[in-house]
Amino acid sequence: MANGSGELYGADRDAEIRELTALMARQIPVVLAAVVIVGVTALCVVESVHADLGWTGPWLASLLVVTAARAGMLVAYRLAADRFGPLFWKAGFTLASLFSGCLFGLFGWHVVSLGNSLLTAFAIMMLTGLTAGSLASLSALRAVYAAFAISAMGPVIVWFALRPQAAEQAMAILGLAFLLTHLGYSQLQNGTFRDLIRLRDHERRLVSEIAEARDRAERSSQEKTRFLLAAGHDLRQPLYAMRLLLDTLEGADMEHRRARIASIVQSADAIRDLLDRMLEAARAGVGGYAPHMGIVRMDDILRQVSLEFAADAAAKSLDFCVVGTRRAVRTDPVLLTQILRNFVGNAVRHTQHGRVLIGARPRGNRLSLQVWDTGPGIHADDIPTIFEPFRQLSNPGRQARRGHGLGLTIARGMAEIIGAPIEVRSWPGRGSMFAITVDLAVGGTIPSSEERLDRKRQAGPPVHEEGVVVLVVEDHPTARAVLVDILEGWGYRTIEAQDSDAALKAVVRAGPAPDIIVTDLRLPGAVDGMSLIARMRARFGRPIPALVVTGDPLAPEPDSDIIVLRKPISSGELAAALASMRNLPENAGA
């Protein structure tokens, strides 16, 4: 990882040094061969002029020993590069380069000391050639090149600098300039190597990310295909039953017609339930969905979930136990409730005898909400697959009364949205435990469900002297006509319109403001149902209670004065929604 100046640190820096060391190691054989050739040649040239020098033999032997040691170190590096850290090898190659450079520096000092102008020129040419030639080979590690160049050129530069003649001191200055220039070139070359390595690594990461994204897209496409195929099968079953039941109505007597109609209603409810599960799954899978996080009292959620499933558990004679908690958590209450509802629903559905236990366990600054059962359990190999859409281990026959296989898919998607991990443990033949872990609330309060109910009771119903007027805005003519018939049958007065503009004109013609607004979300034109409600409230200067009926799974979240119902809805749900807004008793015929 890089800081603001582009330097690396930590593991990334070690990885880069490792790459640079490997790059330099590939050049070492050429460097060693050049060292031996240049050393032997230089010795031959010097002895051709001064054959009686006593230091040439030991010098050559030392050079060959150091070169052999460098070759041995190269072999060790290739065999055991990963056994030691990159700094170890960097230090080793730097010391080896320093020893080799010192030998050539000592050679140059002795040669220029002879006072032979021809040999002096040869020594200078040899040392500058070695220093310039090793620039590309050793600059992958700046320390390695600097150790060689300084130790090889330094003694000769010092020798000239100590001489009294101005010309010789000028040679020292030229040599120093040459050395510093090549050290600068080495730094530039090293920067180029580093940039190339980083660019290559960046390209590799991009290729890997692109491949992962492609694989995810392919898996998502395959999952969607399986999802739609399974959904098509599950939708066809109740539709097939409805079609047959409708065909039998014509010749049936009244008693059988009532029975057939009841069966049709059951099939319609099954279709609606499946659509609801599919919409929830789609909503949970939308990455852009922003959860409404807040402080939630867990006893309210646990009480709500337990009430929903207590009757089902009692019908199976299960020991249904809820261990409450006074703790509050920070989460999206709607999504968390749905997750727990899926967990508890599965536990009650699959447990034939024994117990279903719901409880909470603190884990540091988090709270683990757990659902235990004594059902058939799940084999370890099957646990990763239970979150796949329409995956039902205990329902291979796809019986709708035993669910649709979307509950855990929905739960996983919602858990990802609120950032809460799901844990599954199971013991085949003994039972399972499903848990979700959420953050405990820090500060803030929220009233209990009883306190909220008391506040609602104290507020009392609004006073209206005339009949309740309902504005119905629906662009589908048949749906609008049926809705108006139902409302008028319950005694409501209605104003109907197909879009926002028609609604405004109809309200103006009718005179007083409507008491309730019932609208579809998606309306013809640029104004949708939520905007229509806002306009009506602004026009009449008060928060008119409103109900939005929509089939859009991505409908925006309502405010405190708007109720949202998902299509299709029953007349009972409609009556309950209207009664909750107006605090009126529900119509008995609903």
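The phi torsions of region 113-118, fed into the Karplus equation with coefficients 6.51, -1.76 and 1.60 and a -60° offset, translate into couplings of 6, 5, x, 8, 5, 5 Hz, rounded to whole numbers, with Gly and Pro shown as x.
Report the residues of region 63-103 in range of a label on residue 40: point 7 Å along Cα→C-beta, backbone N strictly under 12 Å from it. Hits in region 63-103 for residue 40 at 12 Å: 64. A simple charge model with +1 on the Cβ of Lys and Arg, -1 on the Cβ of Asp and Glu and nothing else charged puts the dipole of region 52-191 at about 380 debye relative to its Cα centre. Judged by the gyration tensor of its Cα atoms, with axes a ≥ b ≥ c, region 4-107 is prolate; a/c meets the 1.5 cut and a/b is the larger of a/b and b/c.
Students often get this wrong: which residues of region 95-123 have the backbone nitrogen under 17 Å from the point 7 angstrom along Cα-to-C-beta of residue 71? Counting backbone N atoms under 17 Å from the label point, the list is 96-97, 100. Of the trypsin sites (Lys or Arg not before Pro) found in region 287-369, those in coil by DSSP whose Cβ has at most 12 other Cβ atoms within 10 Å are 326.
For residue 468, nonlocal amide neighbours, meaning residues 5 or more places apart or on other chains whose placed amide H falls under 5 Å from its own, are 493.
Full extension of the chain segment joining residue 252 with residue 303 gains 13.8 nm, where the gain is 0.36 nm per residue of separation less the Cα-Cα distance. Shape descriptor for region 490-548: Rg over Rh equals 0.92 (Cα atoms; Rh from the Kirkwood inverse mean 1/r).
Our note on the geometry: Cα centres of region 414-428 and region 26-59, 72 Å apart.
For region 107-149 versus region 293-329, the spacing of their alpha-carbon centroids is 84 Å.
Here residue 187 and residue 385 are evaluated by their C-beta separation; at R0 = 41 Å the FRET efficiency comes out at 0.15. Loop-located trypsin sites (Lys or Arg not before Pro) in region 77-179 (DSSP state not H, G, I, E or B) with no more than 12 neighbouring Cβ atoms inside 10 Å: 83. Across region 73-84, computed HN-Hα scalar couplings (Karplus, 6.51 cos²θ - 1.76 cosθ + 1.60, θ = phi - 60°) run 5, 4, 5, 4, 4, 5, 8, 9, 4, 7, 6, 10 Hz from first to last residue, x flagging Gly and Pro.
Laboratory data are not the source of any read-out in this text; all were calculated from the coordinates shown. This structure is a prediction, so every number in the text was calculated from the model and none was measured. Reconstructed Cβ throughout: ideal geometry from the backbone, glycine too, with neighbour counts over all protein chains shown.
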